[in-house]
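The values are calculated or read from the model by the stated rules, or taken from the named source; none is laboratory data. It should be emphasised that the depicted structure is a prediction, and the values quoted were computed from it without experimental measurement. Cβ placement follows ideal geometry from the backbone for every residue including glycine, while neighbour counts extend to all protein chains displayed. Side chains included, ligands, DNA and RNA excluded: accessible areas come from the protein's heavy atoms. Shrake-Rupley method; radii C 1.70, N 1.55, O 1.52, S 1.80 Å.
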Amino acid sequence: MSMNWMVLLLCLVLVVVQGLERRGGLVAAVTLRTRERRPDPSDGAGMARWLVSQNDWGVLSTISIHLGGSPWGNIASFSDGEPGNSTGTPFFYLSKLDPTPNDLERDPRCSFSLSEAPIGTCGSTDVENPTCARLTLTGKVIQVTSADELDLAAQAVFSKHPEMQGWPKGHKFRFYKFIILDIFLIDYYGGAVPLTVDEYYKSSKQTLHTL
């Protein structure tokens, strides 16, 4: 390869990297991401934990105030721990200017739905196909108040969503955690996987590598 071509290629790489950095620190976020092997469908607890640890966002559904008690779903970013240190408990960073945390303060009952599709391992399979795993956690979401848990929540959320650290403090952002009471998982044909909360938290997962 000639020197001119090498210089041109280097310039192209720099342009791409700079563009990614402008898009909310994507490069920094990707380098911190821990990728884990997809569990076998027979390992329901492992699959559920994998979906939680590998996803960035889901649909958080509350009993809405502005719709008079009707169910209402909202996109919510989350994290269950720093890279390589999954806890299984989703943590959120929500603004009081958004309806979701206000709904939760009135009635903390909610559900949180995740799909395997955003992870990128479903390929061209339709998201409703049972082999593209999906998970709904039902329980309640409460605000994090203890100092130790606030540190844990901040480390978890900001390690996966570094852009959030610069969001306006005046928008009344607070940390919240999901208390899981029920788990609905489909990861193969034959219906939902029987899975208790205790089995979910006892599951261990194998880390493959860090990107």
Residues that are modelled with pLDDT under 95, assigned to a loop (DSSP other than H, G, I, E, B), in contact with a helix residue (DSSP H, G or I) (Cβ under 7 Å, 6 or more places away or on another chain) and more than 23 Å from Cys110 (Cβ to Cβ): does the range 183-203 have at least one?
no
Considering residues that are open to solvent by 40 Å² or more (accessible area, probe 1.4 Å), hydroxyl-bearing (Ser, Thr, Tyr) and in a strand (DSSP E or B), the number found within the range 43-75 is 0
Over the range 106-117, the set of residues loosely packed, with under 15 Cβ neighbours inside 10 Å and either without any contact (Cβ under 8 Å) to a residue 12 or more places away in the chain or part of a helix (DSSP H, G or I) (or both) is Arg106
Looking across the range 74-98 at residues that are under 13 Å from the mean Cα position of the chain (by Cα) and free of Cβ contacts under 8 Å to residues at least 60 places away in the same chain, the single one that is farthest from Lys169 (Cα to Cα) is Ile75
Of the conditions (1) farther than 26 Å from Val193 by Cβ; (2) out of contact with any helix residue (DSSP H, G or I) (no Cβ under 9 Å at 6 or more places or on another chain); (3) surrounded by fewer than 17 Cβ atoms within 10 Å (Cβ to Cβ); (4) not hydrophobic (A, V, I, L, M, F, W, C), the single one that Ser124 does not satisfy is (1)
Considering residues that are part of a loop (DSSP other than H, G, I, E, B) and either of a type in the set (Val, Ile, Thr) or buried (at least 16 other Cβ atoms within 10 Å of the Cβ) (or both), the number found within the range 143-169 is 3
Of Lys172, Lys140, the only residue that is touching a strand residue (DSSP E or B) at 6+ places or on another chain (Cβ under 9 Å), open to solvent by 40 Å² or more (accessible area, probe 1.4 Å) and at positive phi is Lys172
